[in-house]
Amino acid sequence: MKTKNHINYSKAHKNYVKALKKDKFIVITLQILCLIIFFGLWELFAATGIIDPFFFSSPSRIAVTLAELFSGGEIWSHIGISLAETILGFLIATILGGIIAILLWWSNRARKVAEPYLIVLNSLPKIALGPIIIFWVGSGFSATVVMCVLICIILTIISLLNAFTSCDQDKILLMQSMHASKFQILRKLILPSAIPEFISVLKINVGMSMIGTVMGEYLSSSAGLGYLINYGKSMLNLDLVMTSIFILCILAGGMYALVSLFEKRHTK
């Protein structure tokens, strides 16, 4: 008897798997190639004077600024603060938004009452709430986290609520005919069916939480990458600005990679 590890797959299946691996290799290669071309052209244009490196910086100048920042050691505290604010805001917005979405799905009346307010709050520029946030929770770390949460949470609620309410009604009726409770319907049907939308929300919240962190640090912070961007702007040091943005891109890429690992694990 053959074990699970000794299954003889068909030739068509092997070719299919091989094609998938080849396609993945090509995609990754093209992604790296696009990055190399982008930085290469950027450096070339700055070196030849097509663009002014004072206003646009260049990869070599960013590399020098990175080396200076890391040699001083102070950059680690700025990265740590921005990363902590982003992760905390991301988690609070995702968890709290998910809970609120479940409660609104549970009560049709509450959902109908809340829907217009959610739309209005989603369209409200969160930066306008900056002064109010500072008065309410103070400046610095707490204000940045609140800004991050406000930017992410409404979108999280709306997206997950749409996923919950768009679940197949026939399946819901079937479970109700089998005397399933509302909690059982939520746990066995609604939540599993919403996993793809939940993963999409996580991917969106990675970027939105970064935006919230930078906006919060712009408003009322003396540390963090957003503060460095603001400081570099005030000092007309575009190399510091571009370097801080480059670090933010790396952090966002790392968070996105973690979400992708979660997606692979839960979509097998």
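Each value in this text was obtained by applying a stated rule to the coordinates, not by laboratory testing. Every value quoted in this text rests on a predicted model; they were computed, and no experiment measured them. Counting neighbours? That spans all protein chains shown, and the Cβs are built from the backbone with ideal geometry, glycine included.
General remarks:
- Full extension of the segment from residue 197 to residue 109, taken as 0.36 nm per residue of separation minus the current Cα-Cα distance, would add 29.3 nm.
- With θ taken as phi - 60° and the Karplus curve 6.51 cos²θ - 1.76 cosθ + 1.60 applied, the whole-hertz 3J(HN,Hα) list for segment 95-102 is 5, 5, x, x, 5, 5, 4, 5 Hz, x standing for glycine and proline.
- Listed by chain and number, the lysines whose alpha-carbon sits under 30 Å from that of residue 233, ignoring those within fewer than 8 places in the same chain, are 126, 203.
- Selected from 187, 111, 61 as most flexible by GNM, with the chain as the system and alpha-carbon contacts under 10 Å: 187
- Cα shape, segment 64-200, gyration tensor, a/c 1.5 rule: prolate
- Highest mobility in the GNM of the chain, judged by mean-square fluctuation with C-alpha springs under 10 Å and restricted to 91, 202, 236, is found for 236.
- Modelled label positions at residue 96 and residue 11, each set 7 Å beyond Cα in the direction of Cβ, lie 6.1 nm from each other.
- Range of Cα positions in the chain per principal axis (Å), largest first: 70, 61, 32
- Highest GNM mean-square fluctuation among 193, 220, 209, for the chain modelled with Cα contacts below 10 Å: 193.
- Relative contact order for the chain, counting Cα pairs under 8 Å that sit 6 or more residues apart, in percent: 24 percent
- The residues neighbouring residue 64, those whose beta-carbon lies less than 15 Å from its own, together hold a net charge of -2 under the Lys/Arg +1, Asp/Glu -1 convention.
- Here the Debye sum runs over all C-alpha atoms of segment 6-107 as equal scatterers in vacuum, and log10 of I(q)/I(0) at q = 0.21, 0.22, 0.25 Å⁻¹ comes out as -1.05, -1.09, -1.17.
- Each peptide in 152-160, 37-45 receives the mean, over its residues, of other Cβ atoms within 10 Å, and ordering these scores from highest gives 152-160, 37-45.
- Net +/- balance of residues flanking residue 143 in space, Cβ distance below 13 Å, scoring K and R +1, D and E -1: -1
- If the segment from residue 63 to residue 32 were pulled out straight at 0.36 nm per residue, it would be longer than the present Cα-Cα gap by 9.3 nm.
- Once the chain from residue 171 to residue 136 is taken as fully extended at 0.36 nm per residue, the excess over their C-alpha distance is 8.0 nm.
- Shown for segment 5-121: lysine pairs separated by 8 or more places, or found on different chains, whose C-alpha atoms are under 26 Å apart, numbering 5.
- Dipole magnitude (debye, nearest 20) for the chain, charges at Cβ of Lys, Arg, Asp, Glu: 1760 debye
- At 1.306 mPa s and 10 °C, Stokes diffusion of segment 51-140 via Kirkwood alpha-carbon radius, µm² per second: 90 µm²/s
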